[in-house]
């Protein structure tokens, strides 16, 4: 991960995926096997979309699966080699997930692992301990927001204290992506405050019907790129 990450997450159909691919975003996220939210697409539908994606954008599996074998097999099934883990994945399972790419019993596939750090009230020290223990087995961290009302960890439409992400960025041995309540109007400020290596948006570029709005997607990507250009990230 050298260039900034600009990820648009949550896709309902190929038309949305095609639009996002043309927007200048670097990554497109597909939520599957979730805990609170329902996925927009089946595993098979995601696999069909990924096969059609142009090389200018990279697909990311977003999941709450916690067992390494299940995660790895799903990545193989949909044809994706980046996974964003939001579940309670133990250090042992992260280590196992790394080993599976060299397994003799499964087809080898090098993978990139993003581990979520979900910001809750008063858990900053816990997050700092988490990335210390898991950093050897992940490629990046992604900070996101916990919603105590719904119990959702991500896709909440709510921001968290970006100063917490800023402090995590300063101490993390891995790149950090910021998510949670981002939209075209605040993404530049989020980048400026946190110094994060990437940004992720889900509900912040959707219309009232929950569909991706091309104008909002374009504005988000352009504002993020402009902010990274100003800070020397592009």
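Worth a mention:
- Segment 109-130, residues that are closer than 19 Å to residue 198 by Cβ, touching a helix residue (DSSP H, G or I) at 6+ places or on another chain (Cβ under 7 Å) and not in a strand (DSSP E or B): 111, 127
- From the list 63, 69, the one residue that fits, being closer than 25 Å to residue 157 by Cβ and either surrounded by fewer than 16 Cβ atoms within 10 Å (Cβ to Cβ) or touching a strand residue (DSSP E or B) at 6+ places or on another chain (Cβ under 7 Å) (or both), is 63.
- Filter result for residue 181 (over 22 Å from residue 71 (Cβ atoms), assigned to a loop (DSSP other than H, G, I, E, B), at pLDDT 90 or above and in contact with a helix residue (DSSP H, G or I) (Cβ under 9 Å, 6 or more places away or on another chain)): yes
- Scan segment 158-171 for residues that are out of contact with any strand residue (DSSP E or B) (no Cβ under 6 Å at 6 or more places or on another chain), buried (at least 16 other Cβ atoms within 10 Å of the Cβ) and not in a helix (DSSP H, G or I) and the total you get is 1.
- Set side by side, the residues 50, 28, 62 differ, and just one is closer than 18 Å to residue 76 by Cα, assigned to a helix (DSSP H, G or I) and either under 14 Å from the mean Cα position of the chain (by Cα) or touching a residue at least 12 places away in the same chain (Cβ under 8 Å) (or both), which is 50.
- Across segment 192-226, the number of residues qualifying as in a helix (DSSP H, G or I), touching a residue at least 60 places away in the same chain (Cβ under 8 Å) and either over 17 Å from residue 28 (Cα atoms) or more than 17 Å from the chain's Cα centre (by Cα) (or both) comes to 4.
- Single unsatisfied condition, residue 15 versus (1) closer than 20 Å to residue 213 by Cα; (2) in a helix (DSSP H, G or I); (3) within 16 Å of the chain's Cα centre (by Cα): (3)
- Residue selection: residue 92 satisfies the criterion of being surrounded by fewer than 18 Cβ atoms within 10 Å (Cβ to Cβ), over 16 Å from the mean Cα position of the chain (by Cα) and modelled with pLDDT of 95 or more.
The values are calculated or read from the model by the stated rules, or taken from the named source; none is laboratory data. These figures come from a predicted structure and were not determined experimentally. As a convention, Cβ positions derive from the backbone with ideal geometry for all residues, glycine included, and neighbour counts pool all protein chains shown.
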